[in-house]
Amino acid sequence: MEQPDYSLEQAAIERGYLRIAGVDEVGRGPLAGPVTAAAVVLDLAVLPEGLNDSKKLSAKKRALVEQEILAKSQVAIAHASVEEIDELNILRASHLAMERAVAALDPAPDYLLIDGNLIPKDLKLPAEFVIKGDAKSLSIAAASIVAKEERDRIMVDLGQQFPGFGWEKNAGYPSKQHRDALKTLGVTPHHRRSFKPVHKILYQE
């Protein structure tokens, strides 16, 4: 099983870069809530313990590793709102969240490792994309953990404000409970109106 390591970061260091940030986003698939991105610059001298692809960590372990990352690394988190998702489309909104996270890093990184198969167009720094990056790069894995934990907290909070949708468990993804609640409870201000299941209910298609 593939384990993320520091080889991509090391290759960038050998090319003369000093501050390498891993960048990832969470929340493209949900019907509700923002899309959340994180940018993380790891300190090689004190790498967080237990760092791995967020999908391979239990919820309990992921929360512990997030605390390690926040204590030992430089971290920035950013979002794109439901309104921006509907206005721009989910891919562009995801990239906007990534761009905002990178811009919030201070001091700024000089090289980026971006999860996915595209580099957001407004990132002006040297960068490479890494397909399935959270399984390959420790910096991207760290960003994916931070982004997921942050977004999950937002959805738990929204779930308390709008009970019945199960957001505290499904994080806004289209689970059966969420889809059923959309039909019975209707559309909230936090639903993505451009997403088909929400659009259908709004316009009774």
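Each peptide in 87-93, 117-123 receives the mean, over its residues, of other Cβ atoms within 10 Å, and ordering these scores from highest gives 87-93, 117-123. Helices from the chain with mean Kyte-Doolittle at least 0.0 and a Cα length along the axis of 15 Å or more, per DSSP H: which? TM-like helix candidates: 90-104, 138-161.
Excluding residues on the same chain fewer than 8 positions from Lys61, give the aspartates and glutamates whose Cα lies under 17 Å from its Cα. Those aspartates and glutamates meeting the cut-off are Glu49, Asp53, Asp134, Glu149, Glu150, Asp152.
What segment 6-202 shows is 45 Å² of accessible area per residue, with the surface traced by a 1.4 Å probe over protein heavy atoms. The loop-placed GluC sites (Glu not before Pro) in segment 103-188, going by DSSP, include none that has at most 13 neighbouring Cβ atoms within 10 Å of its Cβ.
Here the scattering of segment 121-189 is modelled by Debye summation over its C-alpha atoms, one equal scatterer each and no solvent; at q = 0.13, 0.14, 0.19, 0.25 Å⁻¹ the log10 of I(q)/I(0) is -0.55, -0.61, -0.80, -1.01. For the chain, the normalised intensity computed at q = 0.08, 0.15 Å⁻¹ comes to -0.28, -0.88 (log10 of I(q)/I(0), Debye sum over alpha carbons, equal scatterers, no solvent).
Pairs spanning more than 24 Å between alpha-carbon atoms, out of Lys148/Lys176; Lys136/Lys176; Lys55/Lys176; Lys56/Lys169; Lys60/Lys169; Lys148/Lys200: Lys136/Lys176; Lys148/Lys200. Of all DSSP bridge pairs formed entirely within the chain, close to 60 percent run antiparallel. In this structure, Lys121 and Ile13 have a Cβ-Cβ separation that, at R0 = 25 Å, corresponds to a calculated FRET efficiency of about 0.45.
Spin-label model, Glu168/Tyr203: points 7 Å from Cα along the beta carbon direction are separated by 3.5 nm.
Across every pair of non-identical alpha carbons in segment 76-142, the mean reciprocal distance, once inverted, gives a Kirkwood radius of 12.4 Å.
The values are calculated or read from the model by the stated rules, or taken from the named source; none is laboratory data. These numbers were taken from a predicted model, which means no experiment stands behind them. Positions of Cβ are backbone-derived with ideal geometry, glycine not excepted, and every protein chain shown enters the neighbour counts. Protein only, heavy atoms only, side chains kept; ligands, DNA and RNA dropped before computing areas. Shrake-Rupley method; radii C 1.70, N 1.55, O 1.52, S 1.80 Å.
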